[in-house]
Amino acid sequence: MFDIAIERLRRIPIRRSDEVWEVAAMPLPRLVRDGDKPGDMYQIAACACVSSCGGAMISEMQRVDAFEMGAPLEAIARFASDPHRADVLPLGYLPGRVVIGPMPETAQEYVASALASLGIEVECTDEYGLSRDFMAGLIQQITQEELGEAPPIHAMAGIMRRKGMTVERVRAFAEAARAFWRAKPWTCCEGETIWSIEPRPKAKEMRHVSIMGGGGQEFGLAFLDSPDRVRRMMESEDPRAYFESMNMTHWSVGFEYRDDAPLSDLWLWEEEQLPLAGDDAFPLPMGITRTGRVSRPTPDTLALMEGLLRVFAGASRRDLCGDLIARTVKTFDGDVCFYLQAALRT
């Protein structure tokens with residue numbers, strides 16, 4: 001076989017070590033207009049090479065419907081020879097082992113054959129490994145910087161990106177979210193209740209909580225700093241504009257369709273076999289700032305969400321329609337006793 005990228009790779013020495021490179025492709029949530037055919041749109045894909053020792057490089061963007069088989073080899077050659085900055089020296093070597101991740105089957109076979117001919121050990125897989133977080137970050141960057149808008153949900157940073165987060169803590173949250181979804185507490189009472197939370201959360205914007213779902217569209221928990229905010233919003237001429245004008249982060253736990261979940265979260269749920277209530281009930285804890293920036297919860301924030309989900313999942317109709325819910329629940333951090341006082345009903 002003759003390929004410019006292959007011939008370029010032949011001139012690069014192989015360094016045998018524990019370092020592994022992964023090359024993979026991923027469709028991006030973006031359509032590009034075909035210049036020759038106004039109105040015709042096509043989807044693009046990124047092809048990236050990522051090292052187990054850190055660092056990554058991508059090839060030219062590819063059309064999903066016309067993926068070039070040599071693009072993964074181009075990504076590898078660029079990673080070995082073309083550093084991001086002029087003041088950084090090129091690596092100048094190829095690894096002894098390359099994992100070929102998700103990409104069109106014909107391209108995967110082509111790349112495997114080419115690398116094997118160079119004396120590189122090859123493994124093919126249908127799952128993202130080293131490239132997973134890089135791809136998710138690339139999608140978020142492209143969406144925000146090039147399109148100038150907030151990233152779609154599936155391009156959101158993963159829940160594990162926050163310092164101190166662990167899989168087992170996320171598992172406890174997922175179990176609580178499943179219990180909440182199955183209990184459907186939003187069906188117990190008419191109207192909406194704003195509950196004050198004790199022990200009092202450190203974050204001011206999370207000291208009150210309400211159950212979403214009465215409108216039949218969004219389900220979960222919504223947090224806010226004060227019931228007075230709700231009163232003023234309801235009294236304003238434009239409630240939505242008032243809501244968006246609040247200089248605070250709006251935290252919530254929602255439920256999305258599986259296909260709309262953040263990619264990093266979806267991979268985590270699949271790899272760790274975390275519980276779901278159904279394909280239409282993927283738990284999504286997140287915060288949105290006034291500027292539209294998306295935040296993921298810290299371990300402490302996720303712990304509060306887990307505890308409240310468990311409280312509402314175990315609450316009776318009488319509890320939910322009453323003025324006080326006092327309940328001790330088992331959480332990842334141990335037993336926690338919550339006192340929820342009805343501060344406002346709408």
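Quick notes
- From the list ALA222, ALA176, the lone residue that is open to solvent by less than 30 Å² (accessible area, probe 1.4 Å) and either in a loop (DSSP other than H, G, I, E, B) or touching a Lys or Arg at 6+ places or on another chain (Cβ under 6 Å) (or both) is ALA176.
- In segment 268-297, the qualifying residues are those that are more than 13 Å from the chain's Cα centre (by Cα) and small (Gly, Ala, Ser), and the one that is modelled with the lowest pLDDT is GLY292.
- Qualifying residues in segment 4-21 (those that are open to solvent by less than 60 Å² (accessible area, probe 1.4 Å) and in contact (Cβ under 8 Å) with a residue 60 or more places away in the chain) - the one farthest from ILE120 (Cα to Cα): ALA5
- Test result for VAL336, surrounded by fewer than 20 Cβ atoms within 10 Å (Cβ to Cβ) and over 22 Å from THR249 (Cβ atoms): yes
- Scanning segment 290-333 for residues that are open to solvent by 30 Å² or more (accessible area, probe 1.4 Å) and among the acidic types (Asp, Glu) yields ASP300, ASP319, ASP323, ASP333.
- Flag if TRP181 is part of a helix (DSSP H, G or I) and free of Cβ contacts under 8 Å to residues at least 40 places away in the same chain: no
The values are calculated or read from the model by the stated rules, or taken from the named source; none is laboratory data. Because the structure is a prediction, the values reported are computed rather than measured. Heads up, the Cβs are rebuilt from the backbone with ideal geometry, glycines too, and the neighbour counts pull from every protein chain shown. Surface areas here come from the heavy atoms of the whole protein model, side chains and all, with no ligands, DNA or RNA. Shrake-Rupley method; radii C 1.70, N 1.55, O 1.52, S 1.80 Å.
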